[in-house]
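The values are calculated or read from the model by the stated rules, or taken from the named source; none is laboratory data. All figures in this text were calculated on a predicted structure; none of them were measured in a lab. Cβ placement follows ideal geometry from the backbone for every residue including glycine, while neighbour counts extend to all protein chains displayed.
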Amino acid sequence: MTEREDEAVWDEDEYVAYLRDERRAFAWVMQRYGGLTTAEAEEAALECYPYEASGTPFRGLIFHDEAWHWAMLSVYGDRYYVDHPELAQPSTEYRALG
């Protein structure tokens, strides 16, 4: 990823690979902690991580936090790290995905 003055500029291949990896990680969390089926988790991942065309303002902004965070927000809500402090950091299993 290169930087412009006001935004990140993603190489297309790099963006698509990162998008795929984050979708996979998000879906894994949604299955493991959210109780979703594989199909439901994959659909949720697509909704959370839609493809953004090159040149879209703030493309890839969702990547500023990892999939663990976005999935935990979806499963447990805004206070997940307070109500479930054991989930404030990604699990060892999650880290092993990458």
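What number goes with the only condition from (1) surrounded by 17 or more Cβ atoms within 10 Å (Cβ to Cβ); (2) assigned to a helix (DSSP H, G or I); (3) charged (D, E, K, R); (4) more than 11 Å from the chain's Cα centre (by Cα) that Arg23 does not pass? With respect to (1) surrounded by 17 or more Cβ atoms within 10 Å (Cβ to Cβ); (2) assigned to a helix (DSSP H, G or I); (3) charged (D, E, K, R); (4) more than 11 Å from the chain's Cα centre (by Cα), Arg23 is out only on (4). For Leu36, the conditions (1) at pLDDT 95 or above; (2) surrounded by fewer than 19 Cβ atoms within 10 Å (Cβ to Cβ); (3) of a type outside the set (Gly, Ala, Ser) are fulfilled apart from (2).
Among the conditions (1) part of a loop (DSSP other than H, G, I, E, B); (2) modelled with pLDDT of 95 or more; (3) over 12 Å from the mean Cα position of the chain (by Cα); (4) not hydroxyl-bearing (Ser, Thr, Tyr), the only one that Arg59 does not satisfy is (2). Assuming Ala67 fulfils every condition listed in (1) under 11 Å from the mean Cα position of the chain (by Cα); (2) modelled with pLDDT under 95 apart from one, which condition is it? Unmet for Ala67, out of (1) under 11 Å from the mean Cα position of the chain (by Cα); (2) modelled with pLDDT under 95: (2).
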